[in-house]
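Every number here is computed from the coordinates shown, using simple stated rules; none is lab data. Everything numeric in this text was worked out from a predicted model, so none of it was measured. Every residue, glycine as well, gets a Cβ built from its backbone with ideal geometry; the counts of neighbours run over all protein chains shown.
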There are 2 protein chains.
Amino acid sequence: MVTRKELAALLTVVVGAEHVIEDDESKKPFECDGISVYQVMPMLVVLPANSEQVAAVLRVCHQHKIPVVPRGAGTGLSAGALPHREGVLLSLSRLDRIISIEPDRAVAVVQPGVRNIAISDAAKPYGLFYGPDPSSQIACSIGGNVAENAGGVHCLKYGLTIHNVVALEMIDITGERFKLGGGSLDQPGFDLLAILTGSEGMLGVVTEVTVQLLPIPDVAQVLLAGFDSLTYAADAVGAIIGHGIIPGGLEMMDRYAIQAAEDFAKAGYPKDAEALLLCELDGNAAEVNDQIDRVSTILSEHHASSIRVSADEQERALMWKGRKSAFPAVGRLSPDYYCMDGTIPRRHLAHVLTEIHRMSDQFGLRVANVFHAGDGNLHPLILFDANQSGELEKAEKFGADILALCVKVGGCITGEHGVGSEKINQMREQFTDLELSQFHRLKEAFDVDGTLNPGKGIPEPKHCQEYRTLTNFDASTFLSSTANRPEMGGENDR
Amino acid sequence: MVTRKELAALLTVVVGAEHVIEDDESKKPFECDGISVYQVMPMLVVLPANSEQVAAVLRVCHQHKIPVVPRGAGTGLSAGALPHREGVLLSLSRLDRIISIEPDRAVAVVQPGVRNIAISDAAKPYGLFYGPDPSSQIACSIGGNVAENAGGVHCLKYGLTIHNVVALEMIDITGERFKLGGGSLDQPGFDLLAILTGSEGMLGVVTEVTVQLLPIPDVAQVLLAGFDSLTYAADAVGAIIGHGIIPGGLEMMDRYAIQAAEDFAKAGYPKDAEALLLCELDGNAAEVNDQIDRVSTILSEHHASSIRVSADEQERALMWKGRKSAFPAVGRLSPDYYCMDGTIPRRHLAHVLTEIHRMSDQFGLRVANVFHAGDGNLHPLILFDANQSGELEKAEKFGADILALCVKVGGCITGEHGVGSEKINQMREQFTDLELSQFHRLKEAFDVDGTLNPGKGIPEPKHCQEYRTLTNFDASTFLSSTANRPEMGGENDR
């Protein structure tokens with residue numbers, strides 16, 4: 001077994017001494033990602049400058065069977081980039097170049113460390129933008145977006161990362177380079193591009209991303225509607241989509257979220273409403289006008305107590321400001337909150353929201369819902385006070401019950417935040433042993449030794465723990481003493 | 001090794017005697033799919049009635065290491081359902097039930113043997129339709145569509161099969177049942193749904209398909225434009241998309257195709273044009289009107305010599321009739337033709353078409369192009385006469401050169417017809433040995449013995465022929481004496 005010193009020497013040859021971090025103080029910022037309660041000090045942090053260096057780092061680690069954990073901007077919300085105590089934390093932050101914006105092909109070719117919003121900024125002069133817009137878009141990187149298959153407010157219309165990535169360059173754990181996807185809609189061979197997207201850094205390290213760009217819509221307008229009942233609002237969501245209208249965004253908030261957001265942002269939200277819908281319509285002017293009329297009618301038919309349409313860009317921005325600041329605003333209501341990320345079939349919205357409110361009474365903990373209603377992606381924020389004895393445990397149990405309910409109605413345990421370390425045990429609720437074994441076989445097809453981001457994403461099948469003798473998976477090596485505690489606040493909702 | 005007789009007895013227990021076919025005359029219709037020059041007589045044909053029987057058939061075959069080739073409607077154009085001489089041909093044709101149409105979720109749940117068009121027919125009373133529409137849609141089945149990731153005229157706007165499948169039930173080669181995908185946009189775990197789609201029956205047998213349905217557009221109109229030059233037409237294609245307009249369909253034809261289609265269908269095509277574009281715009285009336293104006297302007301700016309807009313549904317149908325009958329119409333120009341299916345980046349359209357016409361002069365063989373211009377999916381039809389000595393070989397060489405050109409400009413060797421048996425050697429042009437090895441590892445993760453549709457899709461890596469000692473791949477067992485000859489006519493273009 002190579003020592004830390006020996007490994008550092010080998011990697012210094014590859015990336016230079018200033019990009020191999022050995023001392024604890026300098027490694028500290030890499031101990032966790034967006035969920036700071038999960039913390040592990042990595043053996044080494046390495047910051048390669050380009051794809052060749054990434055390949056060389058992986059070759060060295062593979063040769064010595066050293067675990068490697070890739071990391072983007074560190075904004076992830078499931079501890080997917082949590083370091084390995086005896087491994088290398090591979091930061092992609094120096095690969096931050098926009099290689100090209102090609103308006104004639106409507107694509108951007110970028111390195112993984114480029115921030116999500118930087119792509120749209122660079123494309124703007126050509127009248128183009130990049131569709132997926134996680135709320136963390138000013139900070140999160142496109143490499144991390146690929147790893148998590150990130151979504152955002154506009155994914156209902158413009159799709160998730162998977163729907164907007166055209167090609168990837170990937171380095172596998174042995175240091176071999178692959179080009180996945182390409183310029184055409186379909187490709188021969190198995191769809192490696194799709195399998196890499198959302199694979200949480202477990203199959204390969206992405207070193208170049210080609211994304212499709214979309215024309216910036218001529219017009220965008222927001223309808224803001226208040227409701228006296230969650231059920232009315234949930235039914236209105238189903239009706240809008242059911243009428244064949246695909247809004248750019250269709251977001252919902254409930255009572256505590258509305259109040260907190262309004263106190264914070266002064267966006268003119270109806271503070272006495274039980275539920276609020278924000279519906280953005282975009283496209284050409286004729287289309288948007290027509291859709292505003294149709295959506296207004298649907299909202300009225302579903303007993304909206306108030307409907308407002310943004311008159312100009314300034315008002316539209318203000319309406320969104322409330323939504324975008326809802327997470328930190330809710331943070332002011334309570335010392336701590338626990339952010340969940342489950343997805344349900346849209347038709348169960350009313351039922352699940354009603355159940356969550358019933359559970360809220362049962363647990364004696366307030367809950368605020370701020371979420372992507374159009375695609376059924378819930379983000380319940382459970383409010384609690386960690387200093388009150390027993391509240392943390394109650395919040396955890398409440399959260400687990402919400403996810404179990406999501407699975408029960410045919411949904412899933414994560415919409416866009418990933419599984420990472422945080423939800424690895426809940427994967428057993430979602431999948432059978434048979435399915436988990438299939439995931440492991442797939443993982444092995446890319447990483448036979450299991451050294452790339454080990455212990456994340458896929459738990460050992462219950463009855464097949466003998467299956468993967470090759471991985472050194474040991475949950476205890478990933479968790480600090482405070483681990484398994486829920487996330488305490490944070491603004492990185494998507 | 002189990003004998004044919006013993007195997008037939010075992011499978012008879014599963015599906016009943018009348019659904020196990022042993023005699024050559026009854027097996028004859030299963031010898032080939034849409035490419036009739038590839039023919040192999042299977043050992044047995046088995047027709048299970050439901051998913052349980054499919055699982056049992058697979059379990060029996062797996063236990064005895066018998067190759068299994070799944071087959072949908074047999075309309076495929078790459079010999080993907082070509083039987084194995086010592087294997088079972090597993091026909092899914094009896095699994096032909098529409099299980100449910102659910103307008104509130106906008107999905108249809110169907111068995112794999114349901115014909116593509118039957119889904120749209122069943123959804124029509126609810127104002128919904130299924131997007132992907134291969135030209136063979138009256139005959140091809142949705143299971144085959146999933147296997148080939150089928151496209152069609154409207155895939156530019158509505159996507160390929162992969163973009164329209166929500167969930168799959170799959171039985172693996174050992175007979176285990178998996179549910180892939182589900183009701184939400186993203187799912188935790190690796191994206192098995194995506195990897196199954198387009199996997200050409202090599203990873204599992206699909207026994208249930210849930211597809212998303214789309215609202216039938218209020219209005220659809222077609223613009224028909226003639227051009228004096230291929231380059232003008234190709235540039236107009238790029239300009240339409242470049243202006244952010246995504247037509248429902250954007251099809252192109254060149255001289256011979258125009259003339260043949262017009263003689264056949266009397267659709268009012270300009271017979272003296274070098275190129276013709278058919279551009280369908282659909283959506284709500286306001287949007288379509290606006291887009292017709294914009295597209296007309298773009299076509300004029302790109303020197304269209306004539307532009308016509310369909311005045312009513314009857315005229316729209318007539319305009320499409322010419323396109324849809326172009327393949328058989330071209331068939332009347334020449335005793336034989338060879339249909340290619342390559343894809344190129346849209347921006348290379350003018351260059352590649354010009355090159356194809358240059359090659360046409362060089363080989364002394366006429367070529368007719370009828371294709372999905374919007375997504376760069378070419379279908380050159382090479383006209384030849386197999387009775388003229390040397391013409392077949394010239395046509396084959398011409399076809400290979402076209403595909404090599406597609407790869408050279410960054411495209412690929414198949415747009416929607418798949419690799420199957422036909423293009424297995426061309427996969428070496430598209431992919432490196434490294435990539436082919438990765439595909440094989442992925443295949444093994446689902447099918448360790450390599451008995452599911454063996455010898456299709458992925459060739460052995462040149463330098464790694466020792467790699468898969470477990471498969472019995474022997475190309476000679478798949479080909480009849482006439483194999484490796486190109487397709488002779490046929491109406492099954494997509």
*Computed over segment B:302-395: relative contact order in percent, which uses C-alpha pairs under 8 Å that are six or more apart*: 30
_Whole-angstrom gap from segment B:277-336 to segment A:421-462, using each part's C-alpha centre_ = 50
*B:Asp218 versus A:Asp228, label points 7 Å from Cα toward the beta carbon: distance in nm?*
3.2
*Excluding A:Gln388 itself, what net charge comes from residues whose Cβ is under 10 Å from its Cβ, given Lys and Arg +1 and Asp and Glu -1?*
-2
_For a quick check of your reading of the filter: which trypsin sites (Lys or Arg not before Pro) in segment A:1-82 sit in a DSSP loop and have no more than 16 other Cβ atoms within 10 Å?_
A:Lys65
*asked:* Run the label-point distances for A:Lys271 please: 7 Å along Cα to Cβ, every other copy, nanometres, shortest first.
replied: 7.8
*DSSP beta bridge pairing in the protein assembly as shown, given as percent antiparallel to the nearest 5*: 90
_How many angstrom lie between the Cα centre of segment A:65-82 and the Cα centre of segment B:162-240?_
32
_How would A:Asp272, B:Asp447 line up from fewest to most surrounding beta-carbon atoms within 10 angstrom?_
A:Asp272, B:Asp447
*Tell me what the protein assembly as shown gives for mean residue ellipticity at 222 nm when only DSSP H runs of n ≥ 4 count, each as -39,500 (n - 2.57), the sum divided by the residue total, rounded to 500 deg cm²/dmol.*
-9500 deg cm²/dmol
*Over segment A:98-215, what is the mean sequence separation of C-alpha contacts under 8 Å (at least six apart), divided by residue count, expressed as relative contact order in percent?*
31
*asked:* Can you sort A:Arg115, A:Arg308 from fewest to most other Cβ atoms within 10 Å of each residue's own Cβ?
replied: A:Arg308, A:Arg115
*How much length is gained if the chain between A:Asn289 and A:Ser26 is pulled fully straight, taking 0.36 nm per residue apart and subtracting their Cα-Cα distance, in nm to one decimal?*
89.2 nm
*Set of segment B:435-460 residues, backbone N closer than 18 Å to the point 7 Å along the Cα-Cβ line of A:Leu434*: B:445-449, B:452
*Quick one: with label points 7 Å out along Cα→Cβ, list the inter-copy distances for B:Ile98 in nm, shortest first?*
4.8
_Cα-centred dipole magnitude for chain B, charges only on beta-carbon of K, R (+1) and D, E (-1), debye, nearest 20_ = 420
*Any idea what the dipole of segment A:219-408 comes to, in debye rounded to 20, about its Cα centre with Lys/Arg Cβ at +1 and Asp/Glu Cβ at -1?*
180
*Where the label is 7 Å out from Cα toward Cβ, how close does B:Pro335 come to the same position in every other copy, in nm, shortest first?*
9.1
*Going by the alpha-carbon gyration tensor, a ≥ b ≥ c the square roots of its eigenvalues, is segment A:173-295 rounded (a/c under 1.5) or, if a/c is not under 1.5, prolate (a/b greater than b/c) versus oblate?*
prolate
*Cα to Cα, under 13 Å, and not fewer than 8 places away if on the same chain: which aspartates and glutamates meet these conditions relative to A:Lys157?*
A:Asp133, A:Glu251, A:Glu280, A:Asp282, A:Asp375
*With contacts defined as alpha carbon pairs under 8 Å and 6 or more residues apart, what's the relative contact order of chain A in percent?*
17
_Extreme residue, positive dipole direction of segment B:105-215, given options B:Pro134, B:Gly201, B:Pro215 (C-beta unit charges)_ = B:Pro215
*If the convex hull of the alpha-carbon atoms of segment A:1-140 is projected onto planes in all directions, what is the mean projected area in square nanometres?*
9.2
*For segment A:51-192, what proportion of DSSP beta bridges, expressed in % and rounded to the nearest 5, is antiparallel?*
70
*B:Glu52/B:Arg308 FRET efficiency (R0 35 Å; Cβ-Cβ; nearest 0.05)*: 0.05
*trypsin sites (Lys or Arg not before Pro), restricted to segment B:242-303: which are DSSP loop and have at most 11 other Cβ atoms within 10 Å?*
B:Lys266
_Global geometry of segment A:253-347, whether rounded, prolate or oblate, following the gyration tensor of its Cα atoms and the 1.5 cut on a/c_ = prolate
_If every alpha-carbon in the protein assembly as shown counts as one equal scatterer, what log10 I(q)/I(0) does Debye give at q = 0.10 1/Å?_
-1.26
*asked:* Along the Cα→Cβ direction, 7 angstrom out, place labels at A:Lys271 and A:Glu102. What is the inter-label distance in nm?
replied: 5.4
*Could I have the simple spin-label model distance between B:Ala9 and B:Ser36, label points 7 Å from Cα toward Cβ, reported in nm to one decimal?*
3.8
*Taking a ≥ b ≥ c as the square roots of the eigenvalues of the Cα gyration tensor of segment A:348-435, is the shape rounded (a/c under 1.5), prolate (a/b larger than b/c) or oblate?*
oblate
